[in-house]
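What follows is calculated from the coordinates using simple rules that are stated; it is not laboratory data. As the structure is a computational prediction, the values presented were derived from the model and not from experiment. All Cβ positions, glycine included, derive from the backbone under ideal geometry; neighbour counts span all protein chains shown.
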Amino acid sequence: EVQLLESGGGLVQPGGSLRLSCAASGFTFSNYAMSWVRQAPGKGLDWVSYIRDSGAGTYYTDSVKGRFTISRDNSRNTVYLQMNSLRAEDTAVYYCAKVYGGNYWFFDLWGRGTLVTVSS
Amino acid sequence: DIQMTQSPSSLSASVGDRVTVTCRASQGISNFLAWYQQKPGKVPKLLIYAASTLQSGVPSRFSGSGSGTDFTLTISSLQPEDVATYYCQKYNTVPWTFGQGTKVEI
């Protein structure tokens, strides 16, 4: 079955850190770029970060630059999001998403998401 | 950055109605536009990409059109299972921005 499964969310204090993981299965993970997209409670979708299939190229939305780091381990079919210096406004469900491919940077497979709550 | 604006923010229609959702880009994006459906409590699902190409398995009552700055998602005959929030997303350049969403109710 083709799927993405996120883990690592939880409650963290402002200024703290978390590392999210997303395990892929059912497709050739190393052939596809991956992204993280978040959704604050009751709000819309917000693209966060992207990593190329090889891991050689990454992009971030401005609000997380310098605080978040995306990485991947193609031998483990897993993509990660290291989140440091967390703020209350980072509270959201974080979805891992597979990028369609080629020059088509939209998302054709989504995980179920993991909730990150930043609060004291 | 290019901004994506959807209208309306919400709508209510009857079963069988034709429903139209609009997405406008603040600059031209050619046809680099996707539409997603997110049912209540569920994960987003890709409906349409390249402005008008239906993703495999998506019912044919969904269609998309447009190019440049103005785009439309149409549901030709609204069904109860179409109750959801619909998002557009531009993907021509980073950042890959979503519209704010349109909630469709019956």
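Can you list the strands (runs of 3 or more DSSP E) found entirely within segment A:60-120 that contain at least 2 residues being more than 14 Å from chain B (Cβ to nearest Cβ), within 14 Å of the chain's Cα centre (by Cα) and among the aliphatic types (A, V, I, L, M)?
On the way: elements: A:68-73, A:78-83, A:92-101, A:104-110, A:114-118.
It comes to A:78-83.
Looking only at strands (runs of 3 or more DSSP E) that fall completely inside segment B:27-106, which ones have 1 or more residues that are over 15 Å from B:A13 (Cβ atoms)?
Because the criterion is at least 1 residues that are over 15 Å from B:A13 (Cβ atoms), the strands (runs of 3 or more DSSP E) in segment B:27-106 that meet it are B:33-38, B:45-49, B:62-67, B:70-75, B:84-90.
Can you spot a residue in segment A:36-49 that is part of a loop (DSSP other than H, G, I, E, B) and within 12 Å of the chain's Cα centre (by Cα)?
The answer is no, given that none of the residues of segment A:36-49 is part of a loop (DSSP other than H, G, I, E, B) and within 12 Å of the chain's Cα centre (by Cα).
Tell me which of these B:L46 doesn't satisfy, since it passes every other one: (1) more than 11 Å from chain A (Cβ to nearest Cβ); (2) surrounded by 13 or more Cβ atoms within 10 Å (Cβ to Cβ).
Going through the list (1) more than 11 Å from chain A (Cβ to nearest Cβ); (2) surrounded by 13 or more Cβ atoms within 10 Å (Cβ to Cβ), B:L46 breaks only (1).
Quick one: B:S9 ticks every box in (1) surrounded by 14 or more Cβ atoms within 10 Å (Cβ to Cβ); (2) within 13 Å of another protein chain (Cβ to nearest Cβ) bar one, so which box is it?
So B:S9 meets the others, but not (1).
Being within 14 Å of chain A (Cβ to nearest Cβ) and farther than 20 Å from B:D17 by Cβ is true for just one of B:S56, B:S67. Which residue is that?
When all the criteria are applied, what remains is B:S56.
Restricting attention to segment A:6-59, and to residues there that are more than 10 Å from chain B (Cβ to nearest Cβ) and of a type in the set (D, E), which single residue is farthest from A:L109 (Cα to Cα)?
A:D53
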